[in-house]
1. So how do 34, 100, 134 line up by other beta-carbon neighbours within 10 Å, fewest first?
2. To the nearest 0.05, how large is the calculated FRET efficiency for residue 370 and residue 76 if R₀ is 35 Å and r is the Cβ-Cβ distance?
3. Please rank 366, 41, fewest neighbouring Cβ atoms within 10 Å first, as an exposure proxy.
4. Which residues in the range 302-321 have a backbone N closer than 17 Å to a point placed 7 Å from the Cα of residue 403 along the Cα-to-Cβ line?
5. Looking at the chain as a GNM with Cα springs under 10 Å, which of 65, 55, 108 has the largest mean-square fluctuation?
6. Can you tell me the FRET efficiency between residue 110 and residue 334 if r is taken as the Cβ-Cβ distance and R0 is 41 Å, rounded to the nearest 0.05?
7. At what distance in nm do the modelled label points of residue 185 and residue 147 sit from each other, each positioned 7 Å from its Cα along Cα→Cβ?
8. Can you list the residues, at least 5 places off or on another chain, whose amide H is less than 5 Å from the amide H of residue 102, using H built in the peptide plane?
Amino acid sequence: MVKAASVCLMLLAAASVGRSNDGNGALPSGLLADGQSFSAKLVEVTGDGQFVFERAGTRLNVDRRDLVLWGTYADRDRDCQLVFADGGMLVADVLAIEPDAVVVAGRRWADARIPPGLVRGIVFRPPADPLVRDMLYFRVLDELREEDRLVLENGDELAGRMPTPVRPEPGGFHPTSFQWPVRGRSELMTVPVERVVAVLFASDKRAAARAPEPATLVGLRDGSRLYVRRIERKENVLELELTNGHRLATAPTSTADPWGAVTLLQPLDDRVVYLSDLEPLAYQHTAFLAVDWPYRRDRSVSGGRLRHLGHVATKGLGMHSSSRLAYDLPGRFRALHAELAIDQRAGSQGSVTYRVFLQDPSGEWKKAFESEPVRGAQPAVPVRVELSDAVRVALIVDFADRADQWDHANWLNARLIPYGPEP
């Protein structure tokens, strides 16, 4: 399968990493575990774990274990969003909150009843600032809460146990208010939904760092991002089985092809090992002045999600100049792959040099890669480093043009590629 896919995809190789369908004929780009890139549209996901792509009338099958990712994901700064306990996010309107279900519907989704234990919170009004939006998402997902919390647009918060059901007024479509308990008062406070940024449900445990394996991260055009065990087409509808066991279905499309709703596929299993899932051997940051910057797993150094040119990457590392991050290699791996970019938060500012050093069994370190200066708002730079007999790897970010100003360096999808069967 690897050989067949590689031969076909060599014919399709085109487009830089992260390029998406812009309406001008460009096809979404994909990355294979062997480092090849390709551009093609998605036409099917089979029941035995094959992704079927097409370009210029030619079809090719790629096993999920051979695909790193295909397409891109962009979140939304509007529309109601449900945050699931596995880290997934569903963009849909909340019709009601019942004791046994959150009832939702959306322009791209069939009506659904979602068990409340699967939902960590509901963001009714996502903040416009991407970093603020990201920090709210991580709070909803990771914070331990003994009580439900209502986050208001003026910054106030109300804590307590939210009474259910929360339903629309007779003849209405959405709930218009929450009835919230207030300590020391017998009556409930009426809080208009238009004043609510988010409701955070009580949680006695943190979310898992990643969804159970094997799973595929699926991004959709409406801004939904779901961890999926299985995706199946039934005529003009897609049915998705989530890692939490729940099933969702897209609304019927007006065309015969429902796959156009999918913008991202990223399989998560043991074929590719992401550095952000490993414990580092050591980290050192040398401040230019006095600010200390820790490295971040699956986040930028500012604490938000890894962002670049309008898209969000789920896996990767965030570092700041000048810093060094070292790992023991957990077994024998063929290569280190990543895409290098200054985080979108920096705008057109920031400039760094990336380096990769390898340590051999004798203990000697040697430079294996050095980039030209990478600057803000530039396309991502792919790095492909053969590991040979290396036992350790060190990632280094250094100053380039303007000291350390806005040097928010991302190692997007930094991953170790194991040895596979010979082609």
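Any read-out appearing in this document is the output of simple, stated calculations on the displayed coordinates, not a laboratory observation. Since the structure is predicted, the reported quantities are computational estimates derived from the model, not experimental observations. Note that each Cβ is placed from the backbone with ideal geometry, even for glycine, and that neighbours are counted across all protein chains shown.
1. 100, 34, 134
2. With a Förster radius of 35 Å, E is 0.40.
3. Ascending number of Cβ neighbours within 10 Å: 366, 41.
4. From the range 302-321, the list is 320-321.
5. 55
6. 0.40
7. With each label placed 7 Å out from Cα toward Cβ, I get 1.3 nm.
8. Placed amide hydrogens put 114 under 5 Å from residue 102.
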